[in-house]
1. Looking at D156, D145, can you tell me which residue is open to solvent by 20 Å² or more (accessible area, probe 1.4 Å) and acidic (D, E)?
2. Being in a strand (DSSP E or B), in contact (Cβ under 8 Å) with a residue 40 or more places away in the chain and not polar (S, T, N, Q) is the requirement here; does V144 meet it?
3. Looking at (1) in contact (Cβ under 8 Å) with a residue 24 or more places away in the chain; (2) open to solvent by 50 Å² or more (accessible area, probe 1.4 Å), can you tell me which one Q245 breaks?
4. What are the pairs with Cβ atoms under 8 angstrom where one residue, in region 162-178, is under 18 Å from A393 (Cβ atoms) and open to solvent by 10 Å² or more (accessible area, probe 1.4 Å) and the other, located anywhere, is among the acidic types (D, E) and at pLDDT 95 or above? Sequence gap at least six, or different chains.
5. Inspect region 199-210 for any residue being more than 17 Å from the chain's Cα centre (by Cα), among the β-branched types (V, I, T) and open to solvent by less than 20 Å² (accessible area, probe 1.4 Å) and give the result as yes or no.
6. Residues in region 260-275: is at least one under 32 Å from the mean Cα position of the chain (by Cα) and either in a strand (DSSP E or B) or not basic (K, R) (or both)?
7. G183 is checked against (1) in contact (Cβ under 8 Å) with a residue 40 or more places away in the chain; (2) in contact with a Leu (Cβ under 9 Å, 6 or more places away or on another chain); (3) within 17 Å of G140 (Cα to Cα); (4) open to solvent by 20 Å² or more (accessible area, probe 1.4 Å) and fails just one. What number does that condition carry?
Amino acid sequence: MKKRIGSYPRVRIEGSGRVVVSQAGGVLLVETVRKAGLDTAISTALTPWRKARAVHDPGKILLDVALAVALGGDCLADVAMLRAEPAVFGPAASDPTVSRLIDTLAAAGPKALTAIRAARAEARQQVWRLADREAPDAGGTVTVDLDGVLVIAHSDKEDAAPTWKRTYGHHPLMGFVDHGQGGTGEPVTALLRPGNAGSNTAADHITATQLALAQLPKKYRRGRRTLIRTDSAGGTHDFVAWLAQRGRWLSYSVGLVITEQVHQHVLKVPASAWTPAVETDGEIRDGAWVAELTGDVLTGWPKGMRLIVRKERPHPGAQLRLTDADGMRLTCFATNTSGRPIAELELRHRLRARAEDRIRNARATGLRNMPLHRTAQNRIWLEIVQIALDLLAWMPMLALTGKARLWEPRRLRLRLFTTAGQLVTTGRRQILRLARHWPWTGHITAALERLIQLPDPG
């Protein structure tokens, strides 16, 4: 009888390997940066902050930190992952150099933020042009979802405060472009706010929307082709009036709180006025109906606004609220879209729930906490997080196909980015060989081939 020695083989470890490359799958992100023209755009934008005879370019430093965050890092020091692999990521700056750049950009305030955002908008336009039919505006419209995020602070950082969930930290307001069912979403705004910032502050929603619109191609910065979608936090008179202002004419779909006036109107809706809600496949949604409210309930709101309410049987175990009626859970939203059935509009608004997936991905990509102490520094960090999320959305959109396009950051890292490779020098060329037995090597090589075939910017 053989003695059992365990379920896993014993492997001897030596730290003398010289040709093995970790995070070899990161070449997908590097090539995405190149095809988007993001490296050139950020380098040009940050030229005013490059010191004479500096060894490292500020744009490259910022992009290196963003790449480290995209690969799973959550602090500035994680740029060491890239520094250890110069054959893939090029020379990376030291930790003190990175920290000095962040301090310099933080001291510059809005000027530096504007420069970084302009570079991101330029690269976004290039990526959408390359994506063509896979771009989020392929249907001629763009949907931007706004939502708040609670970021816990584990130390006393500037502007950290108690939150409405009885935690302590910050309350950024973020916006994401919805890629629909065929992809993920990319961030277009991140407004850093104290933890006690109000959820339904109209001024913050207006500022966040302005920042989001500036990230879109010019033809989408006004007009009905751009839809702004929020939960009930955005359902304020000032914000809706700003969206519908003459000359701006944005489409909107914003949640509203069920007030007593709305509740009374719902009770008066006849049974014949309720229409069955629908699912994304066109089938009827079981136990859910929608109706449109009219009359004095619209008094004080902008002209052309439609008020649509949904009633639905609550899920097992869910508690009803005082504003619910007849054992049904009530939700309400407002929109200025005309000429479309209310069931279709309700489905469009319900799909705003995809923003929760974007927030979960953001938490897994540098937004778990604010790693720096001062607010000005953390504003720069938020821009770095957005660049990382941009790359994690652009790379699948340009290079992956099928279900792989829907992989979230955690899965991309596990299956693609953490792949190891062997660096071979042949003549004057360096070749990165990936393990043949790795199940997703084919995904990496095929994706890289698609990226290489795309035209270079300019």
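1. D156
2. Numbers: in a strand (DSSP E or B): yes; in contact (Cβ under 8 Å) with a residue 40 or more places away in the chain: yes; not polar (S, T, N, Q): yes.
The answer is yes for V144.
3. The failed condition is (1).
4. From region 162-178, the pairs are D178/D145.
5. Of the residues in region 199-210, the ones more than 17 Å from the chain's Cα centre (by Cα) are 199-204, 206-207.
Checking the rest, the ones that are also among the β-branched types (V, I, T) come to 201, 206-207.
When the remaining residues are screened for being open to solvent by less than 20 Å² (accessible area, probe 1.4 Å), the result is none.
No, there is no match, as no residue in region 199-210 is more than 17 Å from the chain's Cα centre (by Cα), among the β-branched types (V, I, T) and open to solvent by less than 20 Å² (accessible area, probe 1.4 Å).
6. No: region 260-275 contains no residue that is under 32 Å from the mean Cα position of the chain (by Cα) and either in a strand (DSSP E or B) or not basic (K, R) (or both).
7. (4)
So that you can scan it fast, the table gives a plain yes or no per residue for (1) assigned to a helix (DSSP H, G or I); (2) surrounded by 22 or more Cβ atoms within 10 Å (Cβ to Cβ):
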residue: A52; (1), (2): no, no
residue: L63; (1), (2): yes, yes
residue: A68; (1), (2): yes, yes
residue: A80; (1), (2): yes, no
residue: A87; (1), (2): yes, no
residue: L101; (1), (2): yes, yes
residue: A107; (1), (2): yes, no
residue: A112; (1), (2): yes, yes
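The values are calculated or read from the model by the stated rules, or taken from the named source; none is laboratory data. Computed from a predicted model, the values in this text were never measured in an experiment. With ideal geometry, Cβ positions are generated from the backbone for all residues, glycine too; neighbour counts draw on all protein chains shown. Remember, those area values only see protein heavy atoms, side chains included, never the ligands or the DNA or RNA. Shrake-Rupley method; radii C 1.70, N 1.55, O 1.52, S 1.80 Å.
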